[in-house]
Amino acid sequence: MRLSRAFLPTLKETPAEAQIVSHRLMLRAGLIRQTAAGIYAWLPLGWRALQKVEQIVREEQDRAGAQEVLMPTMQSADLWRQSGRYDAYGPEMLRLKDRHEREMLFGPTNEEMVTDIFGQFAKSYRDLPRNLYHIQWKFRDEVRPRFGVMRGREFLMKDAYSFDLTKAGAEHSYRQMFVAYLRTFARMGLKAIPMRADTGPIGGDLSHEFIILAETGESQVFVSRKLLEKDPLAEAPDYDGDLAPIVEGWTSHYAATEEMHDAAAWEKLPEAERVSARGIEVGHIFYFGTRYSQPMGLSVQGPDGATVVPEMGSYGIGVSRLVGAIIEANHDEAGIKWPDAVAPFRAAVLNLKPGDSACDSLCGQLYASLAHDAVYDDRDERAGRKFADADLMGHPWQVIVGPKGAAAGRVELKRRMTGERHEVSPEDALGMIKG
Ligand code: 5CA
């Protein structure tokens, strides 16, 4: 992307309405624009980051055996009457009528719809187990939308739904998602800790929230330091095998949100092991047995011919919230510091003197060689402005090309995460960026 032609509305001033750093930076770096309370348009830079996050979520869901579908945003109220949640959900649900006066709603979640779709197909125990997921916009009319995309009204969620013949099968499906979540967040450079959680309006009796520690988090959490030292990517899960040892490795240490906190158990931990902090919920998984399959009439024929009501679970990830959470965890005073895996662009090429033929030619070559995964700052702007914007936008690498260096075949390579700088040849710079 050439900055001279990019739609990148960066702001010099700090927007007054933004209370937390990720919201400020997302507005200042031109990632998002609010269009109504809690509703955002994703601009080129933000949209690319969102797609990177989405793709990691997708790859780990696929790896764990879930299958991607796409269900609509609009749902019929009738489905929700069957489960009994239409009235229970309350004012957070956006209700509308179509031209025939039929009651509709903008989906806040999809348990009813997926159970209905799956039920039309599933007839026998051979149709189980299955896990279906989608990545789709949800609407929840939050009383207090705030912190930008962290608590929006319209937001992008990955929601998966598992169907099993037995409770033991459902527990295995739950563990598959538990382990997939550990990997998903770790790949984004986040330390997300699974914590026993309350089930709220989804229902059920087993649930974990995945929480990353951040000062601006909305929940108070209590965690054993041992969990912060674990590396999920060091575990190589066999999703068809026994995942219980991996899950136990995480759940045997103390980790709880305020609602589930057990002060007596907490006090028993050695002082040095106790970490109490604020956290951001980036994922939430639920096992709820037949809470939806029963009222919605989902049943299959078991191996012995008897009718079986499938056991279900649902598994959510806040995809758009994650973009904010990643920035909350990776920034400094100058701007965003994108982890490589989710950066909208891998590198920025800064041409410090557009019009200088050596600079133009070298920058042109570097930009072409980085294909479309780079931003080319070819604007007619002061060097200081280019440095500031590159730091603000947070590209993992900056290749800085000035006239003297260009003439001598040297560039400066800056790593945004650490601030390290090296003077290198253009070839070495490309090698390090691509390597
Ligand atoms: N049906 C279940 C699991 S699929 C469900 O809806 N769970 S949830 O309510 O916990 O939402 C899943 C995830 O969506 C949360 O962990 C959170 O990361 C994200 N989320 C929830 N509400 C919002 C919101 N208002 N803005 C941004 N993200 C949200």
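Counting just the residues of segment 306-321 that are part of a loop (DSSP other than H, G, I, E, B) and open to solvent by 40 Å² or more (accessible area, probe 1.4 Å), which one comes out farthest from Q61 (Cα to Cα)?
Initially, segment 306-321 is screened for residues part of a loop (DSSP other than H, G, I, E, B), giving 306, 309-310.
Those left that are additionally open to solvent by 40 Å² or more (accessible area, probe 1.4 Å): 306, 309.
Working: A306: 32, V309: 25 Å.
In this case the residue turns out to be A306.
Could you say which residue among L79, L50 is of a type outside the set (S, T, Y) and under 19 Å from S293 (Cα atoms)?
Values: L50 fails: under 19 Å from S293 (Cα atoms).
Being of a type outside the set (S, T, Y) and under 19 Å from S293 (Cα atoms) holds for just one of L79, L50, which is L79.
Tell me which of these P145 doesn't satisfy, since it passes every other one: (1) near the ligand (Cβ under 10 Å from one of its atoms); (2) more than 20 Å from the chain's Cα centre (by Cα).
The failed condition is (2).
What are the residue pairs meeting all of these: first residue in segment 277-298, first residue of a type in the set (K, R), second residue not in a strand (DSSP E or B), Cβ atoms under 6 Å, and 6 or more apart or on different chains?
Partner pairs satisfying both residue conditions: R278/E215; R278/G217; R291/G203; R291/G204.
Which residue pairs have Cβ atoms under 6 Å apart, sit 6 or more places apart or on different chains, and have a first residue in segment 399-427 that is within 21 Å of N330 (Cβ to Cβ) and open to solvent by 30 Å² or more (accessible area, probe 1.4 Å) and a second that is at pLDDT 95 or above and in a loop (DSSP other than H, G, I, E, B)?
Every condition considered, the pairs that remain are M417/K337.
Can you list residue pairs whose Cβ atoms sit under 8 Å apart, with the first residue in segment 136-165 being without any contact (Cβ under 8 Å) to a residue 12 or more places away in the chain and the second being within 9 Å of the ligand (Cβ to nearest atom) and assigned to a strand (DSSP E or B)? Count only pairs 6 or more apart in sequence or on different chains.
Close Cβ pairs satisfying both conditions: R144/R151.
When you check E209 against the structure, is it outside any strand (DSSP E or B) and either open to solvent by less than 10 Å² (accessible area, probe 1.4 Å) or not aromatic (F, W, Y) (or both), yes or no? Don't jump to the end; show me each part of the working.
Values: outside any strand (DSSP E or B): no; either open to solvent by less than 10 Å² (accessible area, probe 1.4 Å) or not aromatic (F, W, Y) (or both): yes.
Against the criterion (outside any strand (DSSP E or B) and either open to solvent by less than 10 Å² (accessible area, probe 1.4 Å) or not aromatic (F, W, Y) (or both)), E209 does not qualify.
If only one of A383, A388, A329, A374 is out of contact with any Asp or Glu (no Cβ under 9 Å at 6 or more places or on another chain), among the small types (G, A, S) and more than 19 Å from L3 (Cα to Cα), which one is it?
Working: A383 fails: more than 19 Å from L3 (Cα to Cα); A388 fails: more than 19 Å from L3 (Cα to Cα); A374 fails: more than 19 Å from L3 (Cα to Cα).
None of the others qualify; the one that does is A329.
Filter segment 336-377 for residues that are assigned to a strand (DSSP E or B) and either of a type in the set (F, W, Y) or open to solvent by 10 Å² or more (accessible area, probe 1.4 Å) (or both) and give the result.
The initial filter retains those residues of segment 336-377 that are assigned to a strand (DSSP E or B), namely 336, 347-351, 374-377.
Hit for segment 336-377 is Y376, nothing else.
I'm trying to understand the selection: among the residues of segment 28-41, which are touching a strand residue (DSSP E or B) at 6+ places or on another chain (Cβ under 6 Å) and open to solvent by 10 Å² or more (accessible area, probe 1.4 Å)?
R33, Q34, T35, I39, Y40, A41
For G324, which of the numbered conditions (1) closer than 30 Å to V282 by Cβ; (2) touching a residue at least 60 places away in the same chain (Cβ under 8 Å); (3) surrounded by fewer than 16 Cβ atoms within 10 Å (Cβ to Cβ) fails to hold?
(3)
For segment 53-113, which strands (runs of 3 or more DSSP E) that fit wholly inside it have 1 or more residues that are acidic (D, E) and open to solvent by 20 Å² or more (accessible area, probe 1.4 Å)?
Details: elements: 74-76, 94-97, 103-106.
Here the list reads 103-106.
Tell me, yes or no, whether segment 261-271 has at least one residue that is modelled with pLDDT under 95 and surrounded by 15 or more Cβ atoms within 10 Å (Cβ to Cβ).
Yes: segment 261-271 contains one or more residues that are modelled with pLDDT under 95 and surrounded by 15 or more Cβ atoms within 10 Å (Cβ to Cβ).
Within segment 11-33, is there a residue that is closer than 30 Å to L132 by Cβ and not in a helix (DSSP H, G or I)? I'd like the intermediate steps shown before the answer.
We begin by selecting, within segment 11-33, every residue closer than 30 Å to L132 by Cβ; these are 32.
Remaining after also requiring not in a helix (DSSP H, G or I): 32.
Yes, because at least one residue in segment 11-33 is closer than 30 Å to L132 by Cβ and not in a helix (DSSP H, G or I).
Identify the residue in segment 380-435 that is among the polar types (S, T, N, Q) and outside any strand (DSSP E or B) and, among all such residues, is farthest from the chain's Cα centre (by Cα). Walk me through how you get there before you give the answer.
Restricting attention to segment 380-435, the residues satisfying the condition of being among the polar types (S, T, N, Q) are 398, 418, 425.
Filter again for outside any strand (DSSP E or B), leaving 418, 425.
On the way: T418: 24, S425: 37 Å.
Filtering segment 380-435 for residues that are among the polar types (S, T, N, Q) and outside any strand (DSSP E or B), the one farthest from the chain's Cα centre (by Cα) comes out as S425.
If S173 meets every condition in (1) among the small types (G, A, S); (2) within 10 Å of the ligand (Cβ to nearest atom); (3) farther than 19 Å from I326 by Cα apart from one, which number is that one?
All conditions are met except number (2).
Check segment 170-193 and report whether any residue there is open to solvent by 10 Å² or more (accessible area, probe 1.4 Å), more than 15 Å from P237 (Cα to Cα), in contact (Cβ under 8 Å) with a residue 40 or more places away in the chain and in a helix (DSSP H, G or I).
Yes, because at least one residue in segment 170-193 is open to solvent by 10 Å² or more (accessible area, probe 1.4 Å), more than 15 Å from P237 (Cα to Cα), in contact (Cβ under 8 Å) with a residue 40 or more places away in the chain and in a helix (DSSP H, G or I).
The values are calculated or read from the model by the stated rules, or taken from the named source; none is laboratory data. Keep in mind it's a predicted model, so treat the numbers as computed, not measured. In this analysis, Cβ positions are derived from the backbone assuming ideal geometry, glycine residues included, and neighbour counts consider all displayed protein chains. Accessible surface areas use protein heavy atoms only, side chains included; no ligands, DNA or RNA. Shrake-Rupley method; radii C 1.70, N 1.55, O 1.52, S 1.80 Å.
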